[in-house]
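Values quoted throughout were computed directly from the atomic coordinates according to the rules given, and no laboratory measurement underlies them. Please read these numbers as outputs of a predicted model, since none were measured by experiment. Heads up, the Cβs are rebuilt from the backbone with ideal geometry, glycines too, and the neighbour counts pull from every protein chain shown.
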Amino acid sequence: MISAVLPTYNRAPLAFVAGEGSWLTAEDGSRYLDLGAGIAVNALGHANPALVEVISAQAAKLWHVSNLYRIPEQERLAEKLVEATFADTVFFTNSGTEAAELSIKMVRKYWSEKGQPDRIEILCFEGAFHGRSTGAIAAAGSEKMTKGYGPLMPGFRQLPFGDHEALRAAISEKTAAVMLEPVQGEGGIRVLPDVCLKGLRDACDAVGALLVFDEVQCGMGRTGRLFAHEWAGIEPDIMMVAKGIGGGFPLGAVLAKKAAAAAMTAGTHGSTYGGNPLGCAVGAKVMEIVADPAFLAEVNRKAALFRQKLEGLVAAHPQVFEEVRGAGLMLGLKCRAPNADLVKAAYGQHLLTVPAADNVVRLLPALNIPDEDIAEAVARLDRAAGTLDADAA
């Protein structure tokens, strides 16, 4: 027999019925401190009062009309995003995967309209994660993502992460675009240094290629700037966004400069649900809160506090941890012990974390997590690591 829910997930034996701030309540009434935030989705915590108020008000008025008509809520959110970023225009999706698909289409359409339809190669990086559609897995290229799904969409080439020489050898006037996450999430919280991002911008400009950023996980204030690439002082041509932009409501977007998006005319792309009034009303409120410089300053302060405490944790458990990595409140604990063991031990302390590649445990709390919850989280991680120390003794 097969379960009613397709068994594609390796789920923890936990189910939650309520949440508030950085805390979740399980079916048995026990409370868990959440350092996963729905994999960087609940940027403002669970049941945030401001978002509850907005979605309740919108739900009482209008949920869905489709993109056959103007959607004022969509227009307002697009204007907020354009005002706050490099972008001239925005297309709304329901997820990061859909944003990745449109980004790929936009690159291909750009070159087709320029009379170079064969210029399709997009350079990507090992360890990347851009979603689970056929195009997105072809971009990532790893066997884990692609096995059993061939033949894959052509036009992608994976380069070693952080290998400047490999990039210089690969990029040419036949390159359509370079696509990457400024901070790899699933790949193990690997930060691409600012100098590398600047180098990528220069390399793309030298051959006329487009630069595409995937900020689905590292965007929306997660690193202490509205978007992670801002730290490097450069701009992409196209950027995919999702997760935190909806604060828990399914919402994604592709942001683009006018030149990169010019070929996407009426009929070239669409979405039934994308940019619906509910999602965009919530997204506009999230933007109002997260884009505030005072809010971002608090993210940076909390991030410094959290990282300082985590460095002490790593020093206290050298058999369990190797290092702290990441940026802002997108942090990772590189483990010496199996990361799955730490995740399980944390469950025992009623603490939720997220595993990643490279034997890393991700820590992705709500951006407004209180200082006392940061201290409590590190105390619980300390106890969890202590159980692994004891097992190793």
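What nm distance separates the two modelled labels at VAL17 and ALA390, each placed 7 Å from Cα along Cα→Cβ? With each label placed 7 Å out from Cα toward Cβ, I get 3.0 nm. Out of ARG301, ARG11, ARG132, any idea which swings most in a Gaussian network model of the chain, alpha carbons joined below 10 Å? Top of the fluctuation ranking is ARG11. Using 18 Å as the Cα-Cα cut-off, could you pick out the over-long pairs in LYS109/LYS258; LYS309/LYS334; LYS105/LYS257; LYS61/LYS243; LYS109/LYS144? Those over the limit are LYS61/LYS243; LYS109/LYS144. What the Cβ-Cβ distance of GLN319 and HIS350 gives, at R0 = 25 Å and to the nearest 0.05, is a FRET efficiency of 0.60.
Using a cutoff of 8 angstrom between alpha carbon atoms and counting only pairs six or more residues apart, the relative contact order for the range 157-252 works out to 25 percent. Dividing the mean sequence gap of close Cα pairs (under 8 Å, 6+ apart) by how many residues the chain holds gives a relative contact order of 23 percent. As a proxy for reagent exposure, ranking MET330, MET153 by other Cβ atoms within 10 Å from fewest up yields MET153, MET330. The charge dipole of the chain, taken about its Cα centre with unit charges on the Cβ of Lys, Arg, Asp and Glu (plus for the first two, minus for the last two), comes to roughly 620 debye. Given R0 = 35 Å, the distance between the Cβ atoms of VAL5 and GLU126 translates into a calculated FRET efficiency of 0.65. The phi torsions of the range 192-209, fed into the Karplus equation with coefficients 6.51, -1.76 and 1.60 and a -60° offset, translate into couplings of 7, x, 4, 4, 6, 4, 5, x, 5, 4, 5, 5, 5, 4, 5, 10, x, 7 Hz, rounded to whole numbers, with Gly and Pro shown as x.
Projecting the Cα atoms of GLY248, THR265, VAL207 onto the dipole axis of the range 175-321, where Lys and Arg carry +1 and Asp and Glu carry -1 at the beta carbon, places GLY248 farthest toward the positive end. Over the range 50-290, what is the percentage of antiparallel beta bridges among all DSSP beta bridges, to the nearest 5? Restricted to the range 50-290, the bridges split so that about 45 percent are antiparallel.
Straightening the chain between ARG301 and SER56 buys 85.0 nm, computed as 0.36 nm per residue apart minus the Cα-Cα spacing. As a proxy for reagent exposure, ranking MET287, MET179, MET264 by other Cβ atoms within 10 Å from fewest up yields MET264, MET287, MET179. Computed over the chain, the per-residue total of -39500 (n - 2.57) for DSSP H runs of n ≥ 4 gives a 222 nm mean residue ellipticity of -12000 deg cm²/dmol, rounded to 500. Please state the relative contact order of the range 8-78 as a whole percent: Cα pairs under 8 Å, 6+ residues apart? Value for the range 8-78: 20 percent. Per-residue Karplus couplings for the range 41-51, computed as 6.51 cos²θ - 1.76 cosθ + 1.60 with θ equal to phi - 60°, are listed in order as 8, 7, 4, 10, x, 7, 6, 4, x, 5, 6 Hz, Gly and Pro entered as x. Projecting the Cα atoms of HIS164, GLY148, THR134 onto the charge dipole of the range 130-196 (Cβ charges, centred on the Cα centre) puts GLY148 farthest toward the positive pole.
If r is the Cβ-Cβ distance from ASP118 to LEU152 and R0 is 25 Å, what FRET efficiency results, to the nearest 0.05? It comes out at approximately 0.90. Between 0 and 90 degrees, rounded to the nearest ten: what's the tilt of helix 339-348 against the longest Cα principal axis of the chain? For 339-348 against the chain, the angle is about 50 degrees.
Under a model in which nothing but the beta-carbon of Lys, Arg (+1) and Asp, Glu (-1) is charged, the range 164-211 shows a dipole of about 40 debye around its Cα centre. For the range 373-389, backbone phi angles converted through the Karplus equation (6.51, -1.76, 1.60; θ = phi - 60°) give residue-by-residue couplings of 6, 4, 4, 5, 4, 5, 4, 6, 4, 4, 5, 4, 5, x, 5, 6, 4 Hz, Gly and Pro being listed as x. Each label was represented as a point 7 Å from its Cα along the Cα-to-Cβ direction; for SER172 and ALA294 these points are 5.5 nm apart. Highest GNM mean-square fluctuation among LYS114, LYS258, LYS198, for the chain modelled with Cα contacts below 10 Å: LYS114. Remark: ILE39, ILE234, ILE137 ranked as ILE39, ILE234, ILE137, counting other beta-carbon atoms within 10 Å and listing the fewest first. Between ARG70 and ALA340, the modelled label-to-label distance comes to 5.5 nm, taking each label 7 Å out from Cα in the direction of the beta carbon.
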